[in-house]
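Here the structure comes first, spelled out in structure tokens, and everything after it is commentary.
The values are calculated or read from the model by the stated rules, or taken from the named source; none is laboratory data. Fair warning: this is a prediction, and the values are worked out from it, not measured in the lab. Because the Cβ atoms are built from the backbone with ideal geometry, glycine has one as well, and the counts that use them run over all protein chains shown. Remember, those area values only see protein heavy atoms, side chains included, never the ligands or the DNA or RNA. Shrake-Rupley method; radii C 1.70, N 1.55, O 1.52, S 1.80 Å.
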Amino acid sequence: MKKLFPAICFSLLFPIFSATAATTEISSVDELRAREAQAPKDAEPIIDPRIPTGENKAEMDAFIKERLKTVVITKLDENEDLDNMKSIDVQHSAEYINMLKESKKSTFEKIYDNAMKRISGTEEKVPGDINEPYDDVYYYINDKPSVEEQKKEWAAPDFPVVNVELPNGTQTLVPAREHIPYLFSKIEILPTGVIGINETITVIANGEKLKNGLSRAISKYSTSRIGVRNKIDLTLLSVTVNGQEVPYKAEEAGDKILLTPKEEYTLAPGIYTYNFAYLVDRQLWYYDDFNEFYWDVTGSSWNLVVSNAGASVSLPGTSPALSQNILLGYPGRLTTDGAFVTKGADNTLGFAAQVPLFIGEGMHLIVSLPKTDLLPPDFGKHFSWFIDDYGDILFALAGLAAILISYIISWRYISAGHSRLKTGMRRTAPMLRYLINGTFDNMSFASWLLELFRKNIIDIQKTDDSVMLIKKTDDLKSLEHRERKAIVALFPGKDTVVRADKPNLLKFKRAFKLIEKITLNRFKNLSLKLSAGYLFFSIGMLLLSEAAVAMLAVSFGQIFAIELACSITLAFYIWILKLNFRSVLFRWISKVFALLIIVFTLMVLSVYIHPVSALLLLAMIYIIFAYTGIFAKRSGLMKNNIKDALSFRDYLIDNAQALSLGRDFAAQQANIFALDISDKYPLKDNYRDVYRLDAAAALTQVLNQSYSGRSPGRRQK
């Protein structure tokens, strides 16, 4: 067939229904709903005023005379009997002749002509924003190709066709292009208001768009006449492909729920029949005088042409529907043209499209039902709906309240002095000074050098005019990584002696920074250990709240993973906000960037959960940071460790005489200097060889003078 053949043009009528079609242009579903508020009347018979009824003989004679003007008399003389019908040939009207020609066309020819007229004559009915690129299997609004683009896509010198047996038993030729030649949705409205849907979809696949199988997109929300929007509750029952069950999953994507394969697989070219079975709740709306059901059969989101679409709706009970209608087309440009509705047996309504549905077009059903055949929602159902609508807010609020209450109670307990929480701490001289004074200064650095002297790594020698550090060994295995780097900074290369003067000031400054970082990190680690119980509890409440929120979603794993990823992102950038960089410009840039990322993360999270819930999760994360910081302060959980450090200082003071008599002085010399009690331990003969308090004091004085009276990197906590 060497002509343009838009393969989308196979609209086979469903044989189980008789067709009665309305052709009124409707701009929206809301307009149609307003028109269908009352029960429809039976269709009136068509009456042509030009045809006489036969009651008036004069009118009938005039009509016959006028009609005979268009006849050709072949054998008509005085003896001819007018009752002989063979004596007259009637010249039919052009309309009647065309109708006869149409009736003699095959189904294939009718479909072809129908599509040719549809492509060439309805260009104005397509929105102007449908010329954007589109996805592989389904598209989002404003991502539809134009009719001209679809026309070009299906153009070919020789258009290939295949013979397909549709699920309704019909065998027909369909284009070999990827499309859906048959879609039928069997919908059953149960008395409880739950909707059972069984969809049968035949697809022609050739590896272009249906690479990984067919995905089904369903609107996540149902909207009432007055604009109230509810999130539907969908339960996927099963999916089969050519009669074989295939694992599928339901996931949220924007305002859609996607039914996609659990495992990726390559769909070989061929003909496949999919069957989707699922239950939908909250798709019915309960009004004062009637109930209403709305459904988009195609979902208006496939990136595939649907040649033949239809649906049946089984009503609950025996009462007929108050009204029913069908709309076809793009969102905002809906019409009843090319569609029909009929009533079947067992209180069933039939809906079908007489024209193919192009990419992005939907088939919308609206059925108004009497209130007698549906059970009114009871308290349990209303409560379940309330949890569906606001449960994520309640769960997030409960988690936030648990975190706040636990921290308030814990803080009061700590403030009252009841908490005796302790943890193992490496009692180094710089750490003791930091606990008591909240600073790391040159005395802290000198006390670290005294610890190296005790370990026989360096010697500190004081002369009349200077202080020297002498490296005694290269065996630094007992030191931490940063401590070894500090030694290398003091004694670069093969140097073994460094004098404390201005030429070597940079060496001391580098070593100072490294030991300062070690001390601050030890303090932070100690704070983290002390607050671990409270931190684990708050993080546990956060995760528990997120899990409860995810339980309300269609896909628990998907929503929980999104919440967890967003929580980690929020926590990281809140931490960035709390950092104080030395550069003012860099500080402002980092804070603005962090705020932008936090806002963007909240927007992403709000797509999947309620925006209020997203803000509550942010509040939980911020409070965790805030209270952990408060606990880490000197007036918080550190209070007991500070008391221990002060008690140890009092011990060294009270036992100065006893410690001076034995070897304990050498072991405690660094702590004595760090705690600023050197005056309690004057130089004595019994420990003259190991006495370096005077040398450490001289070194501190030199460093203070070199830094013009201030300590490098001095920190106040």
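Below is a table of values for the structure above.
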item	result
Selection from the stretch 205-221 of residues that are charged (D, E, K, R) and not in a loop (DSSP other than H, G, I, E, B)	216
Of all residues making up the stretch 171-196, the number that are over 30 Å from residue 320 (Cα atoms), polar (S, T, N, Q) and open to solvent by less than 50 Å² (accessible area, probe 1.4 Å)	1
Cβ-Cβ under 6 Å pairs, at least 6 apart or on other chains, the stretch 525-546 side more than 30 Å from residue 558 (Cβ to Cβ), far side small (Gly, Ala, Ser) and assigned to a helix (DSSP H, G or I)	534/410
Subset of the stretch 292-301 (residues that are in contact with a Gly (Cβ under 8 Å, 6 or more places away or on another chain) and in a strand (DSSP E or B))	296
Test result for residue 365, under 14 Å from residue 317 (Cα atoms), modelled with pLDDT of 85 or more and crowded, with 20+ Cβ neighbours inside 10 Å	no
Residue 600 closer than 15 Å to residue 400 by Cα and either among the basic types (Lys, Arg) or open to solvent by 20 Å² or more (accessible area, probe 1.4 Å) (or both)	no
Qualifying positions in the stretch 398-455 - part of a loop (DSSP other than H, G, I, E, B), at pLDDT below 80 and surrounded by 14 or more Cβ atoms within 10 Å (Cβ to Cβ)	419, 421, 423, 425
Candidate set from the stretch 478-527 (those that are touching a Ser or Thr at 6+ places or on another chain (Cβ under 8 Å) and open to solvent by 90 Å² or more (accessible area, probe 1.4 Å)); member that is nearest to residue 468 (Cα to Cα)	499
Count of the stretch 649-662 residues which are surrounded by 17 or more Cβ atoms within 10 Å (Cβ to Cβ) and either of a type in the set (Lys, Arg) or closer than 30 Å to residue 531 by Cα (or both)	2
Long-range neighbours under 6 Å by Cβ, at least six apart or interchain, first residue closer than 14 Å to residue 293 by Cβ and modelled with pLDDT of 90 or more within the stretch 314-338, second open to solvent by less than 10 Å² (accessible area, probe 1.4 Å) and of a type in the set (S, T, N, Q)	322/368; 323/368
Residue check for residue 199: surrounded by 19 or more Cβ atoms within 10 Å (Cβ to Cβ), over 19 Å from the mean Cα position of the chain (by Cα) and closer than 30 Å to residue 165 by Cβ	yes
Flag if residue 278 is in a strand (DSSP E or B), touching a residue at least 12 places away in the same chain (Cβ under 8 Å), open to solvent by less than 20 Å² (accessible area, probe 1.4 Å) and under 30 Å from residue 609 (Cβ atoms)	yes
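Yes or no, residue by residue, for (1) under 16 Å from residue 302 (Cβ atoms); (2) of a type outside the set (Lys, Arg); (3) in contact with a Pro (Cβ under 9 Å, 6 or more places away or on another chain):
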residue: 196; (1), (2), (3): no, yes, no
residue: 200; (1), (2), (3): yes, yes, yes
residue: 218; (1), (2), (3): yes, yes, no
residue: 241; (1), (2), (3): no, yes, no
residue: 265; (1), (2), (3): no, yes, no
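Matching residues to (1) open to solvent by less than 30 Å² (accessible area, probe 1.4 Å); (2) part of a strand (DSSP E or B); (3) of a type outside the set (A, V, I, L, M, F, W, C); (4) within 19 Å of residue 184 (Cβ to Cβ):
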site: 288; (1), (2), (3), (4): no, no, yes, no
site: 318; (1), (2), (3), (4): no, no, yes, no
site: 342; (1), (2), (3), (4): yes, yes, yes, yes
site: 355; (1), (2), (3), (4): yes, no, no, yes
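Residue-by-condition table, conditions (1) out of contact with any Ser or Thr (no Cβ under 8 Å at 6 or more places or on another chain); (2) more than 20 Å from residue 196 (Cα to Cα):
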site: 263; (1), (2): yes, yes
site: 273; (1), (2): no, no
site: 286; (1), (2): yes, no
site: 305; (1), (2): yes, yes
site: 310; (1), (2): no, no
site: 313; (1), (2): no, no
